[in-house]
Structures are given as C-alpha cells and as structure tokens.
Amino acid sequence: MLVCRRQFFIKSSVFFNLENDEQGQILNYELFIYICDGTDSEKLEWFKTINIAGEKLSNQELRNAVYTGPWLSSAKQKFSKTGCVAYKIGEKYMSGSPIRQEYLETAISWINNGKIEEYMSIHQQDDNADELWQYFRAVIEWVELKFPKYRREMKGIAWGELYNKCKDKSLDAKKLEAELEKLMMDDEVTNKKGVYPYVLSHDERHLNLRAFSDSQKRKTYEKQKGICPMCKEHFEIEQMEADHITPWSQGGKTNDENCQMLCKECNRRKSDK
C-alpha cells in the first residue's frame with residue numbers, strides 16, 4: 001500500500017503573527033490522502049501521475065516513494081545525504097547531487113546493468129544495503145588503481161559500466177597513462193572524456209574524431225572532378241562521403257592531403273574491411 005501526502009511547512013513565528021482568520025484558514029485546510037494498492041510498477045506510474053501538479057521529482061525520488069523499506073533506509077544513509085560517504089569517496093568521479101538521489105540512482109544502475117527498479121524490488125526488504133555500498137567502493141578503488149593521475153575529464157564517466165566489463169582484465173596503469181597522455185594531446189580527438197573508455201575498449205566511436213569540413217569536402221570533390229577513386233564512377237557531391245586515405249589509427253590527419261571523396265557504397269565497403 002502506498003500512501004501519498006503533501007507536507008506544508010511554516011515557521012511558528014510567522015504563523016503566530018497572522019490574524020486569527022488567517023491562522024484558521026491554515027488549520028482548517030482540507031488535505032487529500034491517496035491510498036494506492038497494486039503492483040510496484042502500478043504504484044510508480046500512479047505516483048508519477050498525481051505528482052504532476054506538485055514539485056518536480058526525479059525518477060529516483062519517485063522510485064524511493066514506492067520501494068520503501070529497511071534496504072532503502074540503509075542505502076540513503078550512504079548515498080543520499082549531504083556529505084555522505086559515497087560523496088566523500090566518489091565526488092571527483094560522479095555527476096549529480098546526492099540529496100536529489102542521483103548518486104543512489106547511478107550506483108544501482110551500475111550494479112544491475114541499468115535495471116534499477118528490478119534491483120530495488122528484489123532487495124526492498126533486505127536489512128541493509130551493504131552489497132551496493134561494497135560494490136560502489138570497489139568501483140572507485142578500481143578507478144583510482146588503474147587511473148591514478150586524476151584529470152577533470154574523469155568526472156561523470158560511467159565508471160561502473162567500465163568496471164563491470166574490465167575488472168577481470170590485466171591492465172597496466174603505466175601503459176594506460178602513456179596512452180591517455182598521447183590521446184589528450186591529439187588534436188584529432190575532440191571528445192577528451194571519451195579517451196578513458198577508449199583505452200579500455202579501443203572503440204574509436206568514443207573519441208569523436210575530427211571530421212572533414214564542408215570546405216575540405218568541396219575542394220576534394222572538385223579536385224577529383226566528382227570521380228570516386230575506387231569504382232571510377234561519377235557522382236554528385238551529395239552522393240559522396242569524405243574519407244581518410246590514411247586512417248587515424250595509422251597516424252592519418254584530417255587535412256586536405258589525407259582527404260578523398262568516395263561514393264557511399266565504396267565508403268561503406270572500405271569501412272567494413
């Protein structure tokens with residue numbers, strides 16, 4: 001059963017300075033109490049509906065209203081208070097506010113691969129949240145061990161997801177740092193925050209590598225006279241895509257000399273190799 005109530009706060013010094021009729025309006029104000037029965041998911045949807053007219057609550061604040069119990073009380077002690085222990089050890093790496101439940105939401109998402117409500121439902125009646133707290137500590141300790149040199153780009157990365165994938169890999173902190181330093185100085189890399197997941201996965205999509213400008217594309221197209229160098233067919237510029245002759249991974253730069261215009265089919269075929 002979920003009971004929803006709205007609380008009003010007024011300082012006593014203000015209240016007692018009001019006229020009698022004004023005090024009466026407050027004391028005699030009728031409040032509505034809603035009692036909802038149903039599944040946890042039904043309660044959550046219902047609470048979202050009735051809360052539309054009230055103060056905007058975060059998704060995790062809404063979940064907390066449904067999955068109350070000893071587990072949540074324990075979790076909030078560690079993750080949801082100003083200056084809480086999670087904030088003290090994770091502030092450099094976490095985004096958001098503990099008191100708006102963003103630390104708690106992130107930690108649960110990490111430990112259960114994004115299935116927050118499932119985890120809260122399973123553990124709702126647990127005596128404590130020690131499992132979540134120990135996991136969170138393990139994530140932060142792993143980050144500090146593998147990336148001992150702190151950079152501001154480390155704040156807000158999905159460290160738990162990287163920990164889940166890489167915690168059992170043999171990773172040399174010195175080698176990781178050498179690669180990070182090189183990437184931080186590479187002008188081709190436009191997303192410096194992405195270098196951390198990149199050195200663990202080597203997926204170039206994390207880096208947002210610099211793209212050729214429209215001016216470079218037009219210049220190269222005119223130089224090629226609209227001919228794709230791979231299939232030797234003529235195309236309009238809209239039917240072509242800019243491509244690095246020498247890939248970034250092999251030292252190629254995003255400059256005029258390293259640009260070629262390929263038809264879309266040839267470019268896809270080259271990318272698949």
### Query
What number of residues within segment 154-182 satisfy the criterion of being more than 18 Å from the chain's Cα centre (by Cα) and of a type in the set (Val, Ile, Thr)?
0
## Note on the structure
Within segment 240-267, residues being surrounded by fewer than 15 Cβ atoms within 10 Å (Cβ to Cβ) and either among the polar types (S, T, N, Q) or in the same structural domain as HIS202 (by TED's automatic domain parsing) (or both) number 4
### Query
Which ones in segment 79-110 are under 18 Å from SER121 (Cα atoms) and not in a helix (DSSP H, G or I)?
GLN101
### Query
What are the residues in segment 219-246 that are in contact with a Lys or Arg (Cβ under 8 Å, 6 or more places away or on another chain) and charged (D, E, K, R), if any?
GLU241, ASP243
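Looking at segment 18-36, which of its residues are in contact with a helix residue (DSSP H, G or I) (Cβ under 8 Å, 6 or more places away or on another chain) and modelled with pLDDT of 65 or more?
Quick first cut of segment 18-36, residues in contact with a helix residue (DSSP H, G or I) (Cβ under 8 Å, 6 or more places away or on another chain) only: 18, 23, 26, 34, 36.
Those that are in contact with a helix residue (DSSP H, G or I) (Cβ under 8 Å, 6 or more places away or on another chain) and modelled with pLDDT of 65 or more: LEU18, GLN23, ILE26.
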### Members of segment 198-234 that are in contact with a strand residue (DSSP E or B) (Cβ under 6 Å, 6 or more places away or on another chain) and among the charged types (D, E, K, R)
LYS217
### Task
Kindly indicate whether ILE237 is surrounded by 12 or more Cβ atoms within 10 Å (Cβ to Cβ), free of Cβ contacts under 8 Å to residues at least 24 places away in the same chain, over 33 Å from the mean Cα position of the chain (by Cα) and over 29 Å from ASP186 (Cα atoms).
no
### Query
In this structure, does MET185 turn out to be farther than 30 Å from ARG137 by Cβ, within 31 Å of the chain's Cα centre (by Cα) and of a type outside the set (Ser, Thr, Tyr)?
yes
### Query
Residue check: is PHE212 of a type in the set (Phe, Trp, Tyr) and within 35 Å of the chain's Cα centre (by Cα)?
yes
### Summary
Per the list (1) among the aliphatic types (A, V, I, L, M); (2) touching a helix residue (DSSP H, G or I) at 6+ places or on another chain (Cβ under 6 Å); (3) in the same structural domain as LYS253 (by TED's automatic domain parsing), residue check on VAL189 breaks on (3)
### Message
Looking at GLU177, GLU181, can you tell me which residue is of a type in the set (Asp, Glu), assigned to a helix (DSSP H, G or I) and surrounded by 15 or more Cβ atoms within 10 Å (Cβ to Cβ)?
### Response
GLU177
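Scan segment 243-260 for residues that are among the small types (Gly, Ala, Ser) and either in contact with a Phe, Trp or Tyr (Cβ under 7 Å, 6 or more places away or on another chain) or closer than 15 Å to SER215 by Cβ (or both) and report the count. Give the derivation first.
As a first pass, look at segment 243-260 and keep what is among the small types (Gly, Ala, Ser): 249, 251-252.
From what is left, the residues that are either in contact with a Phe, Trp or Tyr (Cβ under 7 Å, 6 or more places away or on another chain) or closer than 15 Å to SER215 by Cβ (or both) are none.
Within segment 243-260, residues that are among the small types (Gly, Ala, Ser) and either in contact with a Phe, Trp or Tyr (Cβ under 7 Å, 6 or more places away or on another chain) or closer than 15 Å to SER215 by Cβ (or both) number 0.
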### Query
If a residue has to be among the acidic types (Asp, Glu) and surrounded by 17 or more Cβ atoms within 10 Å (Cβ to Cβ) to count, how many in segment 89-116 make the cut?
2
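Tell me, which residue of segment 117-137 that is of a type in the set (A, V, I, L, M, F, W, C) and under 19 Å from GLN77 (Cβ atoms) is surrounded by the most Cβ atoms within 10 Å (Cβ to Cβ)?
Pass one, segment 117-137, residues of a type in the set (A, V, I, L, M, F, W, C): 120, 122, 129, 132-133, 136.
Keeping just the survivors that are under 19 Å from GLN77 (Cβ atoms) gives 120, 129, 132-133, 136.
Working: MET120: 23, ALA129: 24, LEU132: 24, TRP133: 18, PHE136: 28.
This residue is PHE136.
The values are calculated or read from the model by the stated rules, or taken from the named source; none is laboratory data. All values reported here derive from a predicted model rather than from experimental measurement. Methodologically, a virtual Cβ is constructed for each residue, glycine included, from the backbone with ideal geometry; neighbour enumeration extends over all protein chains shown.
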